[in-house]
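The values are calculated or read from the model by the stated rules, or taken from the named source; none is laboratory data. Fair warning: this is a prediction, and the values are worked out from it, not measured in the lab. When we count neighbours, we look across all protein chains shown, and the Cβ atoms used for this are built from the backbone with ideal geometry, even at glycine. Ligands, DNA and RNA are stripped out before the accessible areas are found, and what is left, the full protein with its side chains, is counted by its heavy atoms. Shrake-Rupley method; radii C 1.70, N 1.55, O 1.52, S 1.80 Å.
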Amino acid sequence: MLQSLSIRNVVLIDKLDLDFKPGLSVLTGETGAGKSILLDSLGLVLGKRAETSLIRRDAEKLSVTAVFDCEPNNREFKELLEENELDVSDEIIIKRTLDQSGKGKIFFNDQPISAKLLKDIGKYLVEIHGQFDNQGLLNPANHKDVLDLYGNLEELVTASRSAYQEYKNATDKRIRAEAEIAKAKEEEDNLRHWVQELERINPRPGEENELSSRRQELMHAEKIMESLNYAYSVLTQGRDVQSALRAAENALDKANQYVDGRYSEIYDALDRALIEIIDAQERIETASADINLSADEQEQIDSRLFALKDLARKHGVGIDELSDTLQKFKDRLATIELGEEGIISLRRVEQEKRRLYIEAADKLHQARMDAAAKLDAAVMLELPPLKMEKAKFATIIDRKEENAWSESGFDNVYFTVATNPNSPQGPINKIASGGELARFMLALKVNLAESSSVSTMIFDEVDAGVGGATAQAVGERLSKLGQKVQVMVVTHSPQVAARGSTHFKVEKETQNNITTTHVRELSSSEKREEIARMLAGATITAEARAAAEVLLAG
């Protein structure tokens, strides 16, 4: 619900702060007083295009701030806010500014947002309906969603969406499998050749590093042997290290006899060194024996590395990926061998998913038929008081061709009207005149209010072109609608104005050649006087005041 609206420097408004209440609020005033400025200002915080022509003359910039008492209960609205990381508790504050250079800022609860996002958010906060601008209800593309909301069919819509997705996934899987088999059959000979070629060389992961390391060793085998031999000779020739360590041990052993083993730790260190030296000599001997100076092995390694690199280049992979490539080729051959047997299995799954989708869509279709019958009857009840007793409203539900099925089922839904008994049913936006269209929209809105995703509706001269009893019926419907959602109406009809629980008057004042629009909430006596003015014109008579009393009492 819209709680308040603050406007600064918009056209004829310099400063205006308004607080709004639940129920039906009416805005009245002389033609040209500036009622449309209020709607333009509200439109700015709902995402309409901002133009510098809206900035008050001699002002540097405009600003509009709207406060909504709103805890989002619409699933799509919640998802939109979560997707854009916008925090909402129980209040939404939207502020928009625009300067003379055309630069503007938009804030959602102090978080900057784009104009596009604001427009997406705005449609969940307020609906603005004019005589020739009835937003979503005039667009047949929205009629299905409207009907689903009215019939409380979200659970069935979700089931249809889920079943359709599973059916689509099964179809896609079958199509991909058929394409893979067809492609594999085209290159079957190549696949078999590639498998044989790779199996013959039998690549192993990590083999490239192993071969390169061994190749490096073979290339430097003589230098390695020379180094090992020198190390061995240093340890064994002349007075070898073992003999030196043993002589040192004997000397320390004798010394320990005179000092009660004080040098035992040194002795133990020499003993450990002796063991390590003996182990090192044995390892050097073993390593020397293992050195292979075979030129044949190096040639074999070079040949294998060349063959592996050649296959890797051929298949556009690394050497270590050749084993995986071999497995992929085998899998593709297995796919060919699976052939129609696998496709038949996938088709069975696809047909079962199709059956489940049709079952879900049929349930949704029947529920829509029931909801449409209920909606049609409810709207028809609203038409006679609106002086449209000869008109007919009907919701048409057609079944789409299979190639047009979607997650929301296989129904086309659109609202039609016939304004006279002998007239054919036709699209609501093409058959009804401006005044009739406004009344059709009102009849619809009265019945759709409880399922609406917004809590505030604004009607701009929805009563244009009607008067007397019809205008009174319009006022009653607006009042009835105001019991379900917050409703604001811009009106020139005293019958409609009399039904308002809150009454605002829009006035224009000129001082020092500067014209300013003001808006104020009327007291009970002021409200009676304003309705009398609307009845009588410039000169308010006692009869007009009496008539106003009658309207207010009704």
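Numerical summary
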| quantity | calculated |
| --- | --- |
| Enumeration of residues in the stretch 41-58 that are on the phi > 0 side of the Ramachandran plot and within 29 Å of the chain's Cα centre (by Cα) | GLY47 |
| Failed item, numbered, when LYS61 is tested on (1) surrounded by fewer than 17 Cβ atoms within 10 Å (Cβ to Cβ); (2) farther than 30 Å from GLU359 by Cα; (3) of a type in the set (Lys, Arg) | (1) |
| Spans of strands (runs of 3 or more DSSP E) in the stretch 1-89 with at least 2 residues touching a helix residue (DSSP H, G or I) at 6+ places or on another chain (Cβ under 7 Å), among the β-branched types (Val, Ile, Thr) and in contact (Cβ under 8 Å) with a residue 12 or more places away in the chain | 2-10, 24-28 |
| Cβ pairs under 8 Å, 6+ apart, first in the stretch 195-206 and acidic (Asp, Glu), second surrounded by 15 or more Cβ atoms within 10 Å (Cβ to Cβ) | GLU197/LEU311; GLU199/LEU326 |
| Enumeration of residues in the stretch 537-550 that are within 13 Å of SER524 (Cβ to Cβ) and either open to solvent by less than 70 Å² (accessible area, probe 1.4 Å) or in a loop (DSSP other than H, G, I, E, B) (or both) | ALA548 |
| The stretch 379-422: number of residues that are modelled with pLDDT of 90 or more, open to solvent by 20 Å² or more (accessible area, probe 1.4 Å) and in a loop (DSSP other than H, G, I, E, B) | 5 |
| When residues of the stretch 498-515 are limited to those that are surrounded by fewer than 17 Cβ atoms within 10 Å (Cβ to Cβ) and either in a strand (DSSP E or B) or at pLDDT 90 or above (or both), the one farthest from the chain's Cα centre (by Cα) | GLN511 |
| Test set (1) in a helix (DSSP H, G or I); (2) within 25 Å of VAL454 (Cβ to Cβ); (3) open to solvent by less than 50 Å² (accessible area, probe 1.4 Å) - GLN495 fails condition number | (2) |
| Leading residue by the ranking (surrounded by the most Cβ atoms within 10 Å (Cβ to Cβ)) among those in the stretch 228-286 that are among the basic types (Lys, Arg) and assigned to a helix (DSSP H, G or I) | ARG246 |
